[in-house]
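Data block below; observations after.
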Amino acid sequence: MHAVADKLVLSASSPTVKTAIISPGGVYGVGISPFHRNTLIVPWFVDGARKTGDVFVTNQGANIFTFVHVSDLADLYVLLAGRAIAELETGTDSPQGTWGPKAYYFGAAEESSAAEAAKVRATVLKQLGVVKTDEVKSRTVQEATDLVGPLLTIVGSTNARATSTRAKTLLGWNPKGKLTFEGTKKEYEKYLELEKARKGTA
């Protein structure tokens, strides 16, 4: 989806222009920003559930996706920026691979199958009154595309797996977030609360 842009950024690296890319998995959790508290995937899933009346997976939901908590991802950005500042202040170079053509950092902390994530989401959305059932339905790729469009279908039905070896080795990144039912419920509660507030002021 962003390979062309990635190549442009990494190929621009030089002794005076140091480049790197952070590429996260699915970002979850409630952010601390006063402007943007929820991650991208929450409104996607809420809108999809409202449209179909349920939570579903494509086929059996066996595909695996990588996730990272928003706070852990923020820490990764801080570590990379801190490394750049330290170089400027001390005049020393970072280890080879920190910057340049190979400086591609995956923000990858946890994995879950689509079916596992959907079951938690279905239970949460039923409790919050978004859907009437916590049963996870199975739909074909074509059915999913017809219901929620190609982008959400692609995101929800393909494998997206990565490891964060470079971030941990070169930057000392240590993600601590964990996907939990309580955390997922809090995230969706916050989104629905903010959505209601926005509608009230519209």
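Could you please tell me which pairs satisfy a Cβ distance under 6 Å, a separation of 6+ or placement on different chains, a first residue in the range 155-178 that is closer than 13 Å to ILE22 by Cβ and of a type in the set (Ser, Thr, Tyr), and a second residue that is at pLDDT 95 or above and part of a strand (DSSP E or B)?
Between residues of the range 155-178 that are closer than 13 Å to ILE22 by Cβ and of a type in the set (Ser, Thr, Tyr) and residues that are at pLDDT 95 or above and part of a strand (DSSP E or B), the close pairs are SER164/PHE106.
Keeping to the range 24-38, report how many residues are within 18 Å of ARG198 (Cα to Cα) and among the aromatic types (Phe, Trp, Tyr).
Adding up the residues that qualify gives 1.
Only one of LEU125, LEU151, LEU179 is buried (at least 17 other Cβ atoms within 10 Å of the Cβ) and under 16 Å from the mean Cα position of the chain (by Cα). Can you tell me which?
Selected residue: LEU179, the only one of LEU125, LEU151, LEU179 that is buried (at least 17 other Cβ atoms within 10 Å of the Cβ) and under 16 Å from the mean Cα position of the chain (by Cα).
Of all residues in the range 1-31 being in contact with a Ser or Thr (Cβ under 6 Å, 6 or more places away or on another chain) and free of Cβ contacts under 8 Å to residues at least 24 places away in the same chain, which is farthest from ALA114 (Cα to Cα)?
Only one residue tops the list, namely ALA12.
Considering only residues that are surrounded by fewer than 17 Cβ atoms within 10 Å (Cβ to Cβ), closer than 21 Å to ALA162 by Cβ and of a type outside the set (Phe, Trp, Tyr), which ones fall in the range 23-58?
The answer is SER23, LEU40.
Considering each of THR92, THR133 in turn, give the residue that is modelled with pLDDT of 95 or more, polar (S, T, N, Q), more than 17 Å from THR169 (Cβ to Cβ) and surrounded by fewer than 15 Cβ atoms within 10 Å (Cβ to Cβ).
Criteria check complete, one pass: THR133.
The values are calculated or read from the model by the stated rules, or taken from the named source; none is laboratory data. What you see is a predicted model, and the numbers here were worked out from it, not measured in a lab. Methodologically, a virtual Cβ is constructed for each residue, glycine included, from the backbone with ideal geometry; neighbour enumeration extends over all protein chains shown.
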